[in-house]
Amino acid sequence: GDSVTQMEGPVTLSEEAFLTINCTYTATGYPSLFWYVQYPGEGLQLLLKATKADDKGSNKGFEATYRKETTSFHLEKGSVQVSDSAVYFCALGSSNTGKLIFGQGTTLQVKP
Amino acid sequence: DTGVSQNPRHKITKRGQNVTFRCDPISEHNRLYWYRQTLGQGPEFLTYFQNEAQLEKSRLLSDRFSAERPKGSFSTLEIQRTEQGDSAMYLCASSLAVGPRVAFFGQGTRLTVV
C-alpha cells in the first residue's frame, strides 16, 4: 500500500543553518504531496504542497519539489530561525479521496 | 470562518465508558476526515465523509467506533467501551471535494483512558 518515510529526528540546528528533512514515498496513481507543521501546543497547519511531478511548493522560506523519478519530496530552508522549531510531517494525498497518509514526523529544534 | 473546531479539547474517561467527540468543519467544505495520532507518530486515517455519506473506513476503526455526519454538517465520533489503547489525539480535518482539496485540521481532542 501507499506509504511515507521521513528521516528520523530530532534534528538540532543553529539559527541561520540550512535545513533538509528527507521524505520519500511509495504510491500508486498520482498523489499530491504535502508538508504539514505542528508548532508546540498547536494543531497541524499546512506548510506547502505540490500536486504533480516537478511542481515546487514554497511557503515562509521553505521549499519542496515533487520528484517522481526518486519518489521524494524533501523539505528545505536556507536559513532557519528559532521560531521554526516544530514537528514537520510529510504526507501523501489520494487524488480520489483526499485521504492523507503521513510520515512519522521529524522534530526540528533550532538553537539561538 | 474560524476554521475547523473540535470539542472537547481534552477528555479523561474511565475504561469501559463511552465517549463522543464533535467536529465542526469549515462551512463550505463537503469532505470531513477523522484521524488518530499517538505520541511520536504521524496521524493515521480513520474514516471520511463526503456530505453525509461515510465513504471509507480504516481497519483501525473497530466496531467500538462509530462516526456520523448528519445533514452533512458537523460530525461526531463515538467510542464505546473505551480501552486504554484508545488514548490518543483525535483529529478532524475538512476539505473541498474539488479544486485544491487541501485539508485543514482542527486542534484535536486528546483522549486519556484511565
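Computed from the coordinates by the stated procedures, all read-outs in this text should not be read as laboratory data. Note that this is a predicted model, so its numbers are computed, not measured. Methodologically, a virtual Cβ is constructed for each residue, glycine included, from the backbone with ideal geometry; neighbour enumeration extends over all protein chains shown.
Taken over the range A:36-72, the residue count meeting the criterion of being assigned to a strand (DSSP E or B), within 20 Å of residue A:104 (Cβ to Cβ) and polar (S, T, N, Q) is 3. If only residues of the range B:18-36 that are surrounded by fewer than 21 Cβ atoms within 10 Å (Cβ to Cβ) and charged (D, E, K, R) are counted, the one that is nearest to residue B:77 (Cα to Cα) is B:22. Every condition in (1) in a loop (DSSP other than H, G, I, E, B); (2) closer than 22 Å to residue A:42 by Cβ holds for residue B:97 except the one numbered (2).
Take the residues in the range B:39-49 that are within 14 Å of the chain's Cα centre (by Cα) and at the interface with another protein chain (Cβ under 7 Å from one of its Cβ atoms), then tell me which one is farthest from residue B:79 (Cα to Cα).
We begin by selecting, within the range B:39-49, every residue within 14 Å of the chain's Cα centre (by Cα); these are B:43-49.
Filter again for at the interface with another protein chain (Cβ under 7 Å from one of its Cβ atoms), leaving B:43, B:45, B:48.
On the way: B:43: 18, B:45: 16, B:48: 16 Å.
So the residue we want is B:43.
Which condition number in (1) away from chain A (no Cβ under 14 Å); (2) in contact (Cβ under 8 Å) with a residue 40 or more places away in the chain; (3) more than 12 Å from residue B:23 (Cα to Cα); (4) not aromatic (Phe, Trp, Tyr) is the one that residue B:103 fails? Result: residue B:103 passes all but (1).
Residue B:75 - would you say it is touching a Cys at 6+ places or on another chain (Cβ under 7 Å), away from chain A (no Cβ under 14 Å) and either loosely packed, with under 13 Cβ neighbours inside 10 Å or small (Gly, Ala, Ser) (or both)? Steps first, please.
On the way: touching a Cys at 6+ places or on another chain (Cβ under 7 Å): yes; away from chain A (no Cβ under 14 Å): yes; either loosely packed, with under 13 Cβ neighbours inside 10 Å or small (Gly, Ala, Ser) (or both): yes.
For residue B:75, the condition - touching a Cys at 6+ places or on another chain (Cβ under 7 Å), away from chain A (no Cβ under 14 Å) and either loosely packed, with under 13 Cβ neighbours inside 10 Å or small (Gly, Ala, Ser) (or both) - is met.
Counting only residues that are at positive phi and within 11 Å of chain A (Cβ to nearest Cβ), the range B:50-65 holds 0 of them.
Yes or no, residue by residue, for (1) away from every other protein chain (no Cβ under 14 Å); (2) of a type in the set (D, E, K, R); (3) surrounded by 15 or more Cβ atoms within 10 Å (Cβ to Cβ):
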residue	(1), (2), (3)
A:46	no, no, yes
A:52	no, yes, no
A:57	no, no, yes
A:60	yes, yes, no
A:64	yes, no, yes
A:75	yes, no, yes
A:79	yes, no, no
